[in-house]
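For reference, the structure discussed in these notes is given below.
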Amino acid sequence: MESPDNSKVAFFKWRYRHYFSLKEIKGKNLYVKCNLCPGTKCFSTSVTSNSNLTKPAQTMTELHKLIARYVVENMLPLSTVESDSFKSLLAKIPARGGIGPPCRKTFSKYIDTEYAKMNVELKKTFNELEYVSTTADIWTAYNKSYLGVTVHWINPHSTQREKAALACRRFKGRHTHDNIALELDNIHSHYGISHKITSTVTDNGSNFVKAFKKYQPVEEDDSENDEDEVTFTNMNDALKNSVGDDNDNDENVGVMITLPPHQRCASHTLNLVSCNDVDKWLLSQSETKAVYRSATTKCTGLWNKASRSTVAAETVDGIIGKKLLVPCTTRWNSFYDSLARICEISLVELNTIFSKFGLTAMTEREHQFIREYCTVMRPLTLALDIVQGEDNTFYGILLPTLETLMFKTLELSSGLQILENLPEAVVTAIKTRFSEVLESEDALLAAVTLPRFKLRWLRTQERKDKAKASLLQRAGTSTPTCQLSTDSATEDDFFSFEDEDDTSATAESQVIDYFKSGSHGMDSLSRYALIKNISLRYNAATPSSAPVERLFSLGKLVFSPKRNRLSDEKFEKLLVLRYNHWFNG
């Protein structure tokens, strides 16, 4: 047994003994008190413990990484490292050779170096992938515009969805389709993923739509007759004519630009259905126009009163015990959420608030209109929340979501009085705006290759058989007798399988079991490998551009008014490092 004298000697040989006071020795344990911490609590440690008595001091590399993690993850200015309070804090951290915190210039160079390392690692990751997808959008703040791009893929080994930010690059000049195409192509080419992108998701802006429409790769014609035809053209005439061909004053003449397939953001499209299409329908119907206007006008007056006066807000809280929600034009579902909060208030309490604010009372019909409106719109808002997800939201979720949304919306018609025709109008708007998706074979294959959905969301046997045939054809076999599970599930909520973990570790075994079909000229594992490849290709994409908008949300915190002198390059590096959590590894 270690004698007390030997234990005491071990303590006094400890390099960090000046931070602690020795209080007691019991056997091989030392009881010490930290001199830096308040209170009287003691800590115990073993004399022979390597982790306590001989823990090595931080190296300069380790210290810089800890500082970078603190600064970048909390989106603090680089000047933090020169703060006296920050230096005092770091002085308490043992470091080899007495090294201290870096100066701002040194720390800035360290950030540049780590950003370069991160890019190298991303390129290595992309080299091992076959399919990726990207999202893109333009953000304007403090009279500066930035083009943001995020990339998404499925890890072929774990089947987990992964993501990274590629850029938040300063975008100068007009937001024309040509300039957008050039910048996107540069970013994709920089990371060597141009030929691997299955689709790029953007909002419905005309400049993005035109850019992708114009710069799609030209499909080669394999016709034998074309190979024998030779056409001679005067190059001088061709060059002269090419100058005046583009009415848009294309500044990128001669630059070879190729963009991947384009996919419109499902979240933006559903929001257009929720706001524009429903609003137009309500105002176009004689039986709903008056009550819609009167109800929303009274609600708007209530929101204005409650949001602009602290006394009014206290009055509302005193009557209903909660605050009113106020619609925000830049936030999806905010109008619905605000009306849903009013639905929670009884008509008596609601009119009590109106009376105290000196506003016209709400009628029973207007209150019923709001309740029916929220009833009809609830499935749509749930669908919008689903498709704007990120970590577990594959492209294959889009088609089942739309199909379920239309089915559940139409089911509501029988329980309505004022808005009995609104569900059909909502479904018509969905079919119009998502016509391409609803007929897309790619969207179908993405859905049926997800273990979460399989064929359960298809409501007729004919559609299930058609989906099976399409999948088997893509998988390399035309055998139509493969017995895939077609059990229909009850859907009490939006999806009956909403609580299942679609990215669990058992996803691969689920797919293998699901696609086993006996002997059809291809063993089950070979067929699974082909089907898995189909899923990796089509589900690499996301249905929404919400990820890049979350990048901009972080940008608002980094690019604050007090930091408007931050260079564009440094801003991009800090933001991308933060989004990718580079220093957390």
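Any read-out appearing in this document is the output of simple, stated calculations on the displayed coordinates, not a laboratory observation. Quick caveat, the model's predicted, so the values are computed rather than measured. For neighbour counting, all protein chains shown are included, and Cβ atoms are generated from backbone atoms with ideal geometry for every residue, glycine included.
Cross-link list 109/556; 289/408; 323/562: which exceed 27 angstrom alpha carbon to alpha carbon?
From 109/556; 289/408; 323/562, over 27 Å: 323/562.
Rounded to whole Å and ordered largest first, report the semi-axes of the equivalent ellipsoid of the range 383-478 derived from its Cα gyration tensor (root of 5λ).
Gyration-tensor ellipsoid for the range 383-478: 28, 15, 12 Å.
Assuming R0 = 30 Å, can you tell me the calculated FRET efficiency for the pair residue 85 and residue 23, based on Cβ-Cβ distance, to the nearest 0.05?
0.50
Taking the range 275-434 on its own, what percent of its Cα-Cα pair distances exceed 22 Å?
Pairs farther apart than 22 Å: 47 percent.
Given that compact globular proteins tend to follow 2.2 N^0.38 Å, what is the ratio of the alpha-carbon Rg of the range 103-150 to that value?
The value comes to 1.59.
Given 4 °C and 1.567 mPa s, how large is the Stokes-Einstein diffusion coefficient of the range 367-429 in µm²/s, with Rh as the Kirkwood radius over Cα pairs?
105 µm²/s
Once both labels are modelled 7 Å past Cα along the beta-carbon direction, what's the residue 317-residue 214 spacing in nm?
Spacing of the two 7 Å Cα→Cβ label points: 5.3 nm.
So, R0 is 51 Å and r is the distance between the beta-carbons of residue 92 and residue 157; what FRET efficiency does that work out to, to 0.05?
0.75
Between residue 195 and residue 328, how many nm apart are label points set 7 Å from Cα along the C-beta direction?
Taking the two extended label points, one gets 4.4 nm.
Evaluate the relative contact order of the range 267-337 (contact order divided by residue number), counting alpha-carbon pairs under 8 angstrom at least 6 apart; express in whole percent.
Once normalised by length, the contact order is 19 percent.
How big is the shadow of the Cα convex hull of the range 334-414, averaged over all directions, in nm²?
If I average the Cα hull's projected area over directions, I get 6.8 nm².
Mind giving me the FRET efficiency for residue 112 and residue 33? R0 is 60 Å, r the Cβ-Cβ distance, nearest 0.05 is fine.
With a Förster radius of 60 Å, E is 0.90.
Points 7 angstrom from Cα along the Cβ direction at residue 105 and residue 141: gap in nanometres?
2.9 nm
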